[in-house]
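Novice: Got a structure for you, questions after.
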Amino acid sequence: MRSKSAKPSENLLEELQAALSHGTVARRVETLRRVTDLFVGSLVEYSDEHVRVFDDVFQCLVEQIEISARALLADRLAPVAAAPPKIIRTLALDEVIEVAGPVLSKSERLDEATLIEIAHTRGQAHLKAISLRRVLSEALTDVLVTRGDEDVVQSTVGNPGAQLSEGSLTDLVARAERDDDLATCIGLRPDLPRHHYLKLIAKASLNVRRKLEAAHPELADEVSSVVQEVAQRVRAAAMTRQTEMSRALVRSLHEDGRLNEFQVSTFAEQGKFDETNAGLAALAGVAVETAENMMIESRAEGVMILAKVAGMQWSSVRAIIAMREKLSGGPQTDMLTLRDTYEALRSSTAQQVLRFHRMQQGAAPAA
């Protein structure tokens, strides 16, 4: 590929500065347009040195150019992967969203540090533009989720290229309890961890039902039954390969006689929801699905019922409850009160409640 000959940086800057100092506004706009045409049209022929020359030229021009011309420059440079980096940063930092927007949403030349700086300091329009980028790191989405309004958050969650941290997911699932649109958006993400997905479904199903019934009151009964059927299908479809492997491991331990209270407690301490759930189900003699429904309840009674039937000590129950709190991001419970409740709970009472759960959910005992 041939290299394009160019005047030294000093000469080109002198010519431009002379035109700007003696020219009209229209002349400055025309100068910017021509320089942009020259750069974009011949980009593949320019070396890094030439790109630096253009960077200096653009920096000089934007200091004396109006908003509409800066916005046009931003729109044309944003899709260019090898755009001059200094002018890209200048445009991204512009307080006018018409200028900053195209660069924030499209430019691959913009570095992460600048994006995070802007996400921390600019308004919602700038955050919305950032949320539209092809790829968003966890560090960036953490800022967008924390500072963004409803529109920004939903745009971020709906972006398949956005990487969501455990902390952001915990916050989002909690918010989704009050926002059906956000709940739907989160639930459609293929990378949503299972424990977050189950908590989301448990909290959002009633809201979804109310929303559908409000939109079609004449179909309330039909909608209610359809929602329940869909929820069952969705939960079954949520079974990931990792969940299947976790359950198979626990089943193997149980069949070999190696599954005990200590092992289940260890799973809980390691934050392994699927293994803990499957182990508790096996020791309590119930189906994994029954245990799962009781494990994701907002209160801890379900866990204590299963543990009492399984004959577990309080130390193991405490580990399981602590795991649930850590994964859900919910408020810490009063462990002393729960301990007293667990110690006072009779095994016969726990068995009766468990039979009620089986009847309600149509689940059979585990083999």
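The values are calculated or read from the model by the stated rules, or taken from the named source; none is laboratory data. Predicted model, so just to flag it, every value in this text is computed and none were measured. Cβ coordinates were reconstructed from backbone atoms using ideal geometry, including for glycine residues, and neighbour counts include every protein chain displayed. Quick note on the areas: whole protein, heavy atoms, side chains included, nothing else; ligands and nucleic acids left out. Shrake-Rupley method; radii C 1.70, N 1.55, O 1.52, S 1.80 Å.
Novice: In the stretch 52-101, what residues are more than 21 Å from residue 112 (Cα to Cα) and among the aliphatic types (A, V, I, L, M)?
Specialist: Matches in the stretch 52-101: 53, 57, 61, 62, 65, 67, 69, 71, 72, 73.
Novice: Scanning for something open to solvent by 30 Å² or more (accessible area, probe 1.4 Å) and among the hydroxyl-bearing types (Ser, Thr, Tyr), does the stretch 282-301 turn up at least one residue?
Specialist: Looking for residues that are open to solvent by 30 Å² or more (accessible area, probe 1.4 Å) and among the hydroxyl-bearing types (Ser, Thr, Tyr), one finds at least one in the stretch 282-301, hence yes.
Novice: Against the definition (touching a Lys or Arg at 6+ places or on another chain (Cβ under 7 Å) and open to solvent by less than 30 Å² (accessible area, probe 1.4 Å)), how does residue 118 come out, yes or no?
Specialist: no
Novice: Looking at the stretch 334-352, which of the residues that are closer than 22 Å to residue 281 by Cβ and outside any helix (DSSP H, G or I) is most open to solvent (accessible area, probe 1.4 Å)?
Specialist: So in the stretch 334-352, the residues closer than 22 Å to residue 281 by Cβ come out as 338, 341-342, 345-352.
Checking the rest, the ones that are also outside any helix (DSSP H, G or I) come to 345-346.
Numbers: 345: 38, 346: 157 Å².
My answer is 346.
Novice: Would you please list the contacts, defined by Cβ atoms under 7 Å and residues six or more apart or on different chains, that run from a residue in the stretch 32-46 that is over 19 Å from residue 68 (Cα atoms) to a residue that is modelled with pLDDT under 80?
Specialist: That search, which allows pairs on different chains as well, returns 42/4; 44/1; 45/1; 45/2; 45/3; 45/4; 46/4.
This table checks each residue for (1) of a type in the set (Lys, Arg); (2) within 32 Å of the chain's Cα centre (by Cα).
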| position | (1), (2) |
| --- | --- |
| 299 | yes, yes |
| 305 | no, no |
| 313 | no, no |
| 320 | no, yes |
| 326 | yes, yes |
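Novice: Within the stretch 67-78, does at least one residue satisfy the condition of being open to solvent by less than 10 Å² (accessible area, probe 1.4 Å), within 16 Å of residue 33 (Cα to Cα) and β-branched (Val, Ile, Thr)?
Specialist: no
Novice: Something else about it: Please specify each residue of the stretch 82-98 satisfying the condition of being open to solvent by less than 60 Å² (accessible area, probe 1.4 Å) and in contact with a Ser or Thr (Cβ under 9 Å, 6 or more places away or on another chain).
Specialist: If the condition is that a residue be open to solvent by less than 60 Å² (accessible area, probe 1.4 Å) and in contact with a Ser or Thr (Cβ under 9 Å, 6 or more places away or on another chain), then 83, 88, 91, 92, 93 are the ones that fit.
To keep it simple, each residue is scored yes or no on (1) of a type in the set (Gly, Ala, Ser); (2) over 14 Å from the mean Cα position of the chain (by Cα).
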position	(1), (2)
110	no, yes
120	no, yes
136	no, no
141	no, no
144	no, no
152	no, no
162	yes, no
178	no, yes
191	no, no
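Novice: Being under 22 Å from residue 354 (Cα atoms), aliphatic (A, V, I, L, M) and modelled with pLDDT of 95 or more: is that true of residue 312 here?
Specialist: Answer is yes for this residue.
Novice: Of the conditions (1) polar (S, T, N, Q); (2) more than 23 Å from residue 81 (Cβ to Cβ); (3) touching a Ser or Thr at 6+ places or on another chain (Cβ under 8 Å); (4) at pLDDT 95 or above, residue 163 fails just one. Which one is it?
Specialist: Just one mismatch for residue 163, condition (2).
Novice: Only residues that are assigned to a helix (DSSP H, G or I) and under 19 Å from residue 137 (Cβ atoms): list them for the stretch 164-200, please.
Specialist: Residues satisfying the conditions are 166, 167, 168, 169, 170, 171, 172, 186.
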